[in-house]
Amino acid sequence: MTLEQFFHEHPKAALAFSGGVDSAWLLWAGLRAGAEVRPCFIKTPFQPRFELEDAYKLCDQLDVDLIVLDCDILADETVAANPPDRCYHCKRRMFSRLKHYAASEGFSLLLDGTNASDIVEDRPGMRALGELAVRSPLRECGLTKDRIRELSRQAGLFTWDKPSYACLATRVPTGRTITRADLERVERGEQALAALGFWDFRLRLTVGGAKLQVPEGQLPLALERRTEILSALETDFSEITLDLRPRVSID
């Protein structure tokens, strides 16, 4: 099945829209096929501001309205407790919020941007999507991340080379309670590091502070800009370490 065929069979759907590579391409493909696809950004403390900004920018490019749904994810005590299956509980709450909105607007079909390169067996959140009957057209149509990037480039979508991004909650060690204050510290830190020229990196909380993980090609940059990194992060983190094992991006 092609995406065009999928949307001809399902001409009306609500899309969980993150502003990332996959959901951006899925939205573009649905609109191009003539379907009524409504992009919905589920806003929680787990998403940094730039994700919402990118979502708005992409929707402006495609001339479609973005729906922003607030979701107080930390009100869920299980999610805040950060157990190993936190992603399941998080996805369950977020997509339940989307499902409630979609039903009120007459949308019976929910979509997400999972693609054929994603290893669903290692993602607890996929169980929640299955329970809520969320469809993943990119995966169903066999579209891999590399193919989606190339098609996005051809379509002129600015998201085509955007690095994959995991939510801010992944920066908090499993079992450590997630707080809004910690999420804000991480977001400030990552924003400062991006301004220093780093990309596709992670700033993870540790017992004493934070650990910076960068791709191998950026390790020399981390050492070169050591003083600037310390200056940018020391207000929020008492201890700052650099992981000498390079970060391997899972795309």
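Quick look at the numbers
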read-out	value
Restricting segment 126-142 to residues that are in contact with an Asp or Glu (Cβ under 9 Å, 6 or more places away or on another chain) and within 26 Å of Arg202 (Cβ to Cβ), the residue that is surrounded by the fewest Cβ atoms within 10 Å (Cβ to Cβ)	Arg127
In segment 147-175, the residues that are within 17 Å of the chain's Cα centre (by Cα), surrounded by fewer than 12 Cβ atoms within 10 Å (Cβ to Cβ) and not in a loop (DSSP other than H, G, I, E, B)	Asp161
Residue among Leu193, Leu205, Leu183 that alone is out of contact with any Gly (no Cβ under 8 Å at 6 or more places or on another chain), within 29 Å of Ser152 (Cα to Cα) and surrounded by 17 or more Cβ atoms within 10 Å (Cβ to Cβ)	Leu193
Those helices (runs of 4 or more DSSP H) lying entirely in segment 10-84 with at least 2 residues without any contact (Cβ under 8 Å) to a residue 24 or more places away in the chain, at negative phi and assigned by TED's automatic domain parsing to the domain that holds Arg204	none
Hey, Ile178 in contact (Cβ under 8 Å) with a residue 12 or more places away in the chain and outside any loop (DSSP other than H, G, I, E, B) or not	no
Residue tally, condition within 18 Å of the chain's Cα centre (by Cα) and not aromatic (Phe, Trp, Tyr), over segment 190-212	7
Qualifying residue in segment 51-74 (condition: more than 21 Å from Ala103 (Cβ to Cβ) and touching a Cys at 6+ places or on another chain (Cβ under 6 Å))	no
Segment 69-92, residues that are buried (at least 19 other Cβ atoms within 10 Å of the Cβ) and under 9 Å from Thr44 (Cβ atoms)	Cys71, Ile73, Cys90
Which numbered condition Asp22 fails, given (1) farther than 16 Å from Leu3 by Cα; (2) buried (at least 17 other Cβ atoms within 10 Å of the Cβ); (3) among the charged types (D, E, K, R)	(1)
Yes/no for Leu233 being surrounded by 15 or more Cβ atoms within 10 Å (Cβ to Cβ), in contact with a Phe, Trp or Tyr (Cβ under 9 Å, 6 or more places away or on another chain) and modelled with pLDDT of 95 or more	no
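The values are calculated or read from the model by the stated rules, or taken from the named source; none is laboratory data. Everything numeric here is computed off the predicted structure, so don't read it as measured data. Every residue, glycine as well, gets a Cβ built from its backbone with ideal geometry; the counts of neighbours run over all protein chains shown.
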